[in-house]
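Enquirer: My questions will all concern the structure given below.
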Amino acid sequence: MNPTPRSRKVGTWQAVGALVAHYRKQARLTQERFAELAHLHVDTVRSIEQGRLALQPDRAEQFDELLNTGGALAAFVTRLPVRERIVQFAQGLVDHEQEAVGILAYQTQMVPGLLQTRDYCLAAFDARYPALGSETAEQWVDARMERQLIWQRDRPPVGHFVLEESILRRQVGGAGVMRDQIRQILHYTEPVHMSFQIMPMDRMPHAGLAGPMTLLETPDHDRLVYLEVQTASFLVDDPDDVSDYHHKYGMLRSQALTPAESVRLLHGLLGET
């Protein structure tokens, strides 16, 4: 019987992880020491070695340098097809956004993780049901904050976000947390490679009523779409389907407030004129 696509993906990253662990042990490094050298949380190293988190090409190059492997990890990883880089729930998005040259996202319930303040993120995890343990929540918050480092790259991705107005009016974490979150969004509207639009609550027609979506462009200019519902997630790479989502997103942009109008609304929510 042929293996399912999911079992093939897990097997690929387990093999990569085993290779990382092999080279790390050859270098006589503990996971904790290697994490320090790579400026990563030790749980990230563990996840990579266990095959639960994909090793991205830039990180593979870093590992090669630290472990003196002669480029073996990067050579392996960069030859994997896009489909093999798609891993388990939520990790597919994280893996691809770390190397994306473009990120377009429409959200209906929460401020996108790439724009969240730490306090907003922690409040969101605290509200999760079933509840998370405090240690788990802190680890997830740390991981989300690490994701935001993409905006500090020498050549950061182009980012565009469409958010439902109701997201900004929901008091996640309380009024103070929301004020800081709105200020952070305003900060992200300043760079030339970033843009932000608000979809008013009374706006019709509305091209996004079917739910949120994240559109990604890879360095090779492949286009992917990430969809998430509760604890299920999907990465779409069929060109016809991806094209449909881009058309939908383009319509959303035309229906939402302009970037300038959105900035004025954000200032209004802060009580500023």
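Enquirer: If you scan the stretch 158-177, which residues turn out to be of a type in the set (A, V, I, L, M, F, W, C), closer than 24 Å to GLY211 by Cα and touching a residue at least 60 places away in the same chain (Cβ under 8 Å)?
Expert: VAL162, ILE167, LEU168, VAL172
Enquirer: Does at least one position in the stretch 163-177 carry a residue that is within 26 Å of ALA127 (Cβ to Cβ) and touching a Gly at 6+ places or on another chain (Cβ under 9 Å)?
Expert: Checked the stretch 163-177: at least one residue is within 26 Å of ALA127 (Cβ to Cβ) and touching a Gly at 6+ places or on another chain (Cβ under 9 Å).
Conditions (1) surrounded by 15 or more Cβ atoms within 10 Å (Cβ to Cβ); (2) assigned to a helix (DSSP H, G or I); (3) not charged (D, E, K, R), marked per residue:
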{"residue": "GLN14", "(1), (2), (3)": "no, yes, yes"}
{"residue": "LEU19", "(1), (2), (3)": "yes, yes, yes"}
{"residue": "PHE34", "(1), (2), (3)": "yes, yes, yes"}
{"residue": "THR44", "(1), (2), (3)": "yes, yes, yes"}
{"residue": "GLY51", "(1), (2), (3)": "yes, no, yes"}
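Enquirer: Looking at (1) part of a helix (DSSP H, G or I); (2) at pLDDT 85 or above; (3) among the hydroxyl-bearing types (Ser, Thr, Tyr), can you tell me which one TYR106 breaks?
Expert: Here TYR106 meets the rest and fails (1).
Enquirer: Can you pull out every residue in the stretch 241-273 that is surrounded by fewer than 16 Cβ atoms within 10 Å (Cβ to Cβ) and among the polar types (S, T, N, Q)?
Expert: SER243, SER254, THR258, THR273
Enquirer: Select from the stretch 167-185 the residues that are of a type in the set (Val, Ile, Thr) and outside any helix (DSSP H, G or I) and list them in ascending order.
Expert: The answer is VAL172, and nothing else.
Enquirer: I want to confirm something. Restricting to the stretch 1-18 and keeping residues that are among the hydrophobic types (A, V, I, L, M, F, W, C) and farther than 13 Å from ALA54 by Cβ, which single residue is modelled with the lowest pLDDT?
Expert: Per the stated criteria, the residue is MET1.
Enquirer: Quick one: VAL82 ticks every box in (1) out of contact with any helix residue (DSSP H, G or I) (no Cβ under 8 Å at 6 or more places or on another chain); (2) at pLDDT 95 or above except a single one, so which number is it?
Expert: (2)
Enquirer: Against the condition within 16 Å of the chain's Cα centre (by Cα) and at pLDDT 65 or above, how does ASP119 come out, does it pass?
Expert: When the stated conditions are applied, ASP119 does not pass them.
A quick yes/no check of all residues on (1) surrounded by 19 or more Cβ atoms within 10 Å (Cβ to Cβ); (2) touching an Asp or Glu at 6+ places or on another chain (Cβ under 6 Å):
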residue: LEU186; (1), (2): no, no
residue: THR189; (1), (2): no, no
residue: MET194; (1), (2): yes, no
residue: MET199; (1), (2): yes, yes
residue: PRO205; (1), (2): no, no
residue: LEU209; (1), (2): no, no
residue: LEU215; (1), (2): yes, no
residue: LEU227; (1), (2): no, no
residue: SER233; (1), (2): no, no
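Enquirer: Here's something else I'd like to know. Considering only residues that are under 20 Å from the mean Cα position of the chain (by Cα) and of a type in the set (A, V, I, L, M, F, W, C), which ones fall in the stretch 182-197?
Expert: Result: ILE182, ILE185, LEU186, MET194, PHE196.
Enquirer: Just wondering, is there one or more residues in the stretch 191-199 that are touching a His at 6+ places or on another chain (Cβ under 9 Å) and not in a strand (DSSP E or B)?
Expert: Scanning the stretch 191-199, I find no residue that is touching a His at 6+ places or on another chain (Cβ under 9 Å) and not in a strand (DSSP E or B), so the answer is no.
Enquirer: Could you tell me whether any residue of the stretch 186-205 is over 18 Å from THR117 (Cβ atoms), among the charged types (D, E, K, R) and touching a Lys or Arg at 6+ places or on another chain (Cβ under 7 Å)?
Expert: No, because not a single residue in the stretch 186-205 is over 18 Å from THR117 (Cβ atoms), among the charged types (D, E, K, R) and touching a Lys or Arg at 6+ places or on another chain (Cβ under 7 Å).
The values are calculated or read from the model by the stated rules, or taken from the named source; none is laboratory data. All values derive from a computational prediction rather than experimental measurement. Backbone-built Cβ (ideal geometry, glycine too); neighbour counts: all protein chains shown.
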